[in-house]
Amino acid sequence: MKIFIDTANLDEIKEIASWGILDGVTTNPTLLAREVERTGKRPNAVLREICGMVKGPVTAEVTSKDAEGIVNEGKKLRELAENICIKIPVCKDGLLAIKKLRDEDIMTNTTLVFSANQALLAAKAGTNFVSPFIGRMDDVGNEGMEIVDQLVTIFDNYCIETEVVVASVRHPMHIVEAALIGADVCTIPYNVILKMLDHPLTDVGIERFLKDWGKIKPK
Ligand code: E4P
């Protein structure tokens with residue numbers, strides 16, 4: 001399973017990229033606005049910098065609502081870097097734009113997906129990635145991971161190449177569940193990536209080994 005980081009924070013991306021585990025980055029208007037406020041940099045400057053930090057896709061979300069606007073915005077964003085992937089909310093105009101951008105070989109990630117039918121239509125239109133928002137579904141009392149299971153099965157049934165990106169991840173078990181189901185990608189916030197490493201028995205184990213080693217004087 002590929003690991004993307006779900007942030008626009010340049011420091012977080014730099015740190016996790018240095019571990020050699022990062023396959024891509026997802027941003028959205030909320031995350032990008034947060035980084036623009038934090039750094040005082042312009043949105044496109046932030047995006048360009050992120051694109052230079054990873055080889056894989058970096059999603060940048062459009063804010064236009066009509067197909068023509070989405071396509072124009074997508075083409076402009078694509079000029080920033082080769083690994084930019086245009087994030088488009090799933091809707092009628094979004095589908096039209098996905099098709100047009102696909103015809104120009106521009107990568108797209110269909111976002112705000114909350115049903116298998118939405119993802120199926122986006123895949124048929126030619127999107128490269130679909131992003132079901134697991135945590136937001138859990139938040140309203142649904143079992144978010146069910147849609148991931150459905151999508152992996154449906155895409156396997158018909159050899160659909162669109163990749164399933166598990167998004168809106170809230171805790172480490174979401175990642176284990178996504179990997180067991182066979183999702184292509186999990187996009188994970190920085191704090192949850194750090195939690196993936198944590199285990200109290202590892203900390204206790206390291207402490208005990210070092211304590212025991214300290215009792216002897218190696219010759
Ligand atoms: C996905 O690409 C989105 O940026 C993200 O996962 C949204 O997550 P949230 O529900 O934590 O805002």
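Going by what's in this entry, would Leu10 be described as in contact with a Pro (Cβ under 9 Å, 6 or more places away or on another chain) and touching a residue at least 24 places away in the same chain (Cβ under 8 Å)?
Values: in contact with a Pro (Cβ under 9 Å, 6 or more places away or on another chain): no; touching a residue at least 24 places away in the same chain (Cβ under 8 Å): yes.
So Leu10 fails the test.
Scan region 99-113 and report the pairs whose first residue is within 22 Å of Val166 (Cα to Cα) and whose second residue is among the basic types (Lys, Arg) and away from the ligand (no atom under 13 Å from the Cβ), with Cβ atoms within less than 8 Å and a gap of 6+ or a chain change.
Matching pairs, first to second residue: Ile106/Lys75; Ile106/Arg78; Thr108/Arg102.
Consider region 126-136. How many of its residues are surrounded by fewer than 20 Cβ atoms within 10 Å (Cβ to Cβ), assigned to a helix (DSSP H, G or I) and either more than 8 Å from the ligand (Cβ to nearest atom) or among the basic types (Lys, Arg) (or both)?
Here the count works out to 1.
Met173 versus (1) more than 16 Å from the ligand (Cβ to nearest atom); (2) more than 16 Å from the chain's Cα centre (by Cα); (3) surrounded by fewer than 14 Cβ atoms within 10 Å (Cβ to Cβ): which is the lone unmet condition?
(1)
One line per residue, one yes/no per condition, for (1) at pLDDT 95 or above; (2) among the acidic types (Asp, Glu):
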position	(1), (2)
Asn157	yes, no
Glu163	yes, yes
His174	yes, no
Ala178	yes, no
Ala183	yes, no
Gly214	no, no
Lys219	no, no
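Would you please name the residue that is nearest to the ligand (Cβ to nearest atom), looking only at residues in region 76-125 that are in a loop (DSSP other than H, G, I, E, B) and closer than 14 Å to Thr63 by Cα?
Restricting attention to region 76-125, the residues satisfying the condition of being in a loop (DSSP other than H, G, I, E, B) are 79-83, 90-91, 104-107, 114-115.
Among the residues that remain, those that are also closer than 14 Å to Thr63 by Cα are: 90-91.
Working: Val90: 12, Cys91: 16 Å.
Per the criteria, the residue is Val90.
Do we find a residue being in contact (Cβ under 8 Å) with a residue 60 or more places away in the chain and either at negative phi or outside any helix (DSSP H, G or I) (or both) anywhere in region 190-200?
Looking only at region 190-200, we keep the residues that are in contact (Cβ under 8 Å) with a residue 60 or more places away in the chain, and these are 190, 193.
From the residues that got through so far, the ones that are either at negative phi or outside any helix (DSSP H, G or I) (or both) too are 190, 193.
Yes, region 190-200 contains at least one residue that is in contact (Cβ under 8 Å) with a residue 60 or more places away in the chain and either at negative phi or outside any helix (DSSP H, G or I) (or both).
Please tell me if Ala179 is more than 15 Å from the ligand (Cβ to nearest atom) and touching a residue at least 60 places away in the same chain (Cβ under 8 Å). Please lay out each step first, then the result.
Working: more than 15 Å from the ligand (Cβ to nearest atom): yes; touching a residue at least 60 places away in the same chain (Cβ under 8 Å): yes.
For Ala179, the condition - more than 15 Å from the ligand (Cβ to nearest atom) and touching a residue at least 60 places away in the same chain (Cβ under 8 Å) - is met.
The values are calculated or read from the model by the stated rules, or taken from the named source; none is laboratory data. Given the structure is predicted, the values throughout are model-derived calculations rather than measurements. Glycine also receives a Cβ, built like all others from the backbone with ideal geometry; neighbour counts cover every protein chain displayed.
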